[in-house]
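The structure under discussion appears below in the form of C-alpha cells.
The values are calculated or read from the model by the stated rules, or taken from the named source; none is laboratory data. Please read all numbers here as calculations on a predicted model, not as lab measurements. Quick reminder, even Gly has a Cβ in these numbers, built from the backbone with ideal geometry, and neighbours come from all protein chains shown. To get the accessible areas, we keep the full protein, side chains included, count just its heavy atoms, and leave off ligands, DNA and RNA. Shrake-Rupley method; radii C 1.70, N 1.55, O 1.52, S 1.80 Å.
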Amino acid sequence: MSAPHLSEQEIIRREKRNELNKLGIDAYPAALYPVNTTSAYIKENYKGEFSEYTPADKKLFGDVCLAGRIMSIRDMGKANFAVLQDSLGKIQFYIKQDDICKSEDKMLYQTVWKKMTDIGDIIGIKGYVFITKTGEISVHVREFTLLAKSVRPLPVVKEKDGEAYDEVTDPEFRYRQRYADLIVNPAVKDVFIKRTKMMNAIREFLNERGALEVDTPVLQSIPGGAAARPFLTHHNALDIPMYLRIANELYLKRLIVGGFEWVYEFSRNFRNEGMDRTHNPEFTVLEFYVAYKDYEWMMEITEQLLERAALATHGSTRVQVGEQEIDFTAPYKRISMFDAIREHTGHDISQMDEAGIRDVCRKLKIHADEKWGKGKLIDEIFGNACEHHYVQPTFITDYPVEMSPLTKKHRSKPGLVERFELICNGKEIANAYSELNDPIEQRERFEEQAKLMARGDDEAMYIDLDFLRALEYGMPPTSGIGFGMDRIAMLLTNQHSIQDVLFFPMMRPENRPE
C-alpha cells in the first residue's frame, strides 16, 4: 500500500519500479558500467559533420559509453531525443526502437524506455557521436541500460536554447535538498568546484614554503583560542564534559613549542552563536603559525596567499562581488583600529576608559551590554560604525590590548597589541597576531578574561592551564593567522550568503510525514 503522503507522480514511479522487477529487470543493478568518456570531452573534441563522424575520430567517437541522469525527453514515437546530464555537463542523445531492439522483441524500447523510464532516472548509453541537422552534437544510442530508477520527480526547470530560465531558487528547498539543487541548478556545482580549487591553491602555497599540515582535536576539555560561546557535549567513557572546538590556535602553538616552525590546519570549528548571511555555527578556518615571524611579515604573506587563491579560482586578482570589483593585488591598505573609528565616527576613543567608551556607544546608538568589558565595547563600535566601509582588502591594525588576550603587546605603542584583521567587502576574513609568548603575562590576560566571564560574558576565554605550562617551556617569537575560508569562498565565487558556499548549511530539523 502506498504511503498517504506520496504525490501521484511518486506513486506512479514506485509502481513502475515494481513492474520492472516483475519483468526481471533490476531497477538498481550492481554491475560495473564501462563509462569511457564524458559529455564535456565529446563537445570539446568532436569535429565531425552532420550525421557522420570522420574516420580520424572513429576510435574516439564511434564507440562512446556514457552514464548520467535523464533531464528531458522529446517523444517522437519510434524515436526520441533526450538529454543526459553527467558530472561535467549535458549532451543530447537520439534513441530509436530499431537500434536498441535488434530482434522482434521490442520490450526494451516500448516497455522499459517508453513506459518505465522517467526524467531523473540514471541510465547508461552506448553508441556513436553525430551532429544533428540543427548543428547539435549528439549521441546515437545503440545500447541502453537503466542504472537507477528515480522514484521522486525532479523540480521542473524550464530551458530555452540550452539555457535554464526558470531555475529553482527557493532557499528552503535548495539548502535542505542540496542534492536536488546540484542536479537542477548546474551553476551551483561550479561554486563548489571553485571552492575546492581555492582550497587546493592555498594548500599548495603553504606546502611550497615548507609548512606542515597537521590535525588537532575537535573535542576539547577547554574551548580556547577565541572569544566565542562553545557547544557542550559529554564524553561517556571519561565521564567529563567536552566542548566542540571554537578554534585550533592553542594546539597549533603547542606544536610551535614542540619544535615545528610552520604548521597549518584547515579546521572545522563550531560556535554556538547566531546565524545570518555571513555566519554558520559550523565553519571552516585555515590557521597557521610560523616561528620567528611577526604580524608585519604576516601581512605580506597574507597578500601573496590571497593573490594565489584569486588567480587559481578566476585567473585574475580582480574579482566581481555583487556590483563591486575587488582587487586582491598587493599591497593592501593599512589603518589602525583607533584611526578607523575616529575617521568614521568622529570620536577619538584611544585614551578613554570603559565609562567613556560606553558613553560613545550611547551617542552612536550602539547597544552596550553591562556584561561587556572595554574590549567588547570597542569591537561593537568598530563592527557597527566602521567595518562596512572597507570594501577593498584592508588591514585594520594595532588593536587595544583588552580586545586581544593572546596577542603580544605592541613594541612601540603602549596600550596596543600587534594584531590585524583583514576586512574585505565589509567583513572580516582574517585575524592575525604577533603571538604572546610570555607565560606570566598570558596567565594575567587569562585571569582578566575570567573576571569578564564572572560578569556574565559568555564569550570570554577560559583559563587553559596546560597551554600555560607549554608556554613555560618557551615558545619562540611567533606569528599566527586564521582565515575564514567560507567568507573567502563567498568573495571568490560571488555569493551573497554563506549558505551558498556550504554544501549542507545548518537548518532547523524538517517536519516530514513518514
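Could you give me the residue pairs with C-beta distances under 6 Å whose first residue belongs to the stretch 304-331 and is closer than 15 Å to Glu208 by Cβ, whose second residue is at pLDDT 95 or above and open to solvent by 40 Å² or more (accessible area, probe 1.4 Å) wherever it lies, and which are 6+ apart or on separate chains?
Ala312/Lys197
So the check is Cβ under 7 Å with 6+ separation or different chains; which pairs have a first residue in the stretch 175-203 that's farther than 19 Å from Ser267 by Cα and among the charged types (D, E, K, R) and a second one that's open to solvent by 30 Å² or more (accessible area, probe 1.4 Å) and in a helix (DSSP H, G or I)?
That search, which allows pairs on different chains as well, returns Asp181/Arg174; Lys189/Leu182.
Would it be correct to say that Arg443 is over 25 Å from the mean Cα position of the chain (by Cα) and either without any contact (Cβ under 8 Å) to a residue 60 or more places away in the chain or under 23 Å from Ile481 (Cα atoms) (or both)?
For Arg443, the condition - over 25 Å from the mean Cα position of the chain (by Cα) and either without any contact (Cβ under 8 Å) to a residue 60 or more places away in the chain or under 23 Å from Ile481 (Cα atoms) (or both) - is met.
Can you give me the number of residues within the stretch 121-149 that are crowded, with 20+ Cβ neighbours inside 10 Å and either out of contact with any strand residue (DSSP E or B) (no Cβ under 9 Å at 6 or more places or on another chain) or over 17 Å from Gln92 (Cβ atoms) (or both)?
2
Looking at Ile423, Ile429, which one is among the β-branched types (Val, Ile, Thr), touching a Leu at 6+ places or on another chain (Cβ under 7 Å) and either modelled with pLDDT of 95 or more or open to solvent by 30 Å² or more (accessible area, probe 1.4 Å) (or both)?
Matching residue, one of Ile423, Ile429: Ile429.
Name the single residue that is most open to solvent (accessible area, probe 1.4 Å) among those in the stretch 232-268 being in a loop (DSSP other than H, G, I, E, B), of a type in the set (D, E, K, R) and under 27 Å from Asn437 (Cβ atoms).
Glu261
For Gly24, all conditions in the list (1) free of Cβ contacts under 8 Å to residues at least 60 places away in the same chain; (2) at negative phi; (3) open to solvent by less than 90 Å² (accessible area, probe 1.4 Å) hold save one; what is the number of the exception?
Failed condition: (2).
When both residues are 6+ apart or on different chains and their Cβ atoms are under 7 Å apart, which pairs have a first residue that lies in the stretch 363-379 and is without any contact (Cβ under 8 Å) to a residue 24 or more places away in the chain and under 21 Å from Met461 (Cβ atoms), and a second that is part of a loop (DSSP other than H, G, I, E, B) and of a type in the set (A, V, I, L, M)?
Leu377/Ala368
Looking at Met485, Met490, which one is farther than 23 Å from Phe173 by Cα, surrounded by 21 or more Cβ atoms within 10 Å (Cβ to Cβ) and among the hydrophobic types (A, V, I, L, M, F, W, C)?
Met485
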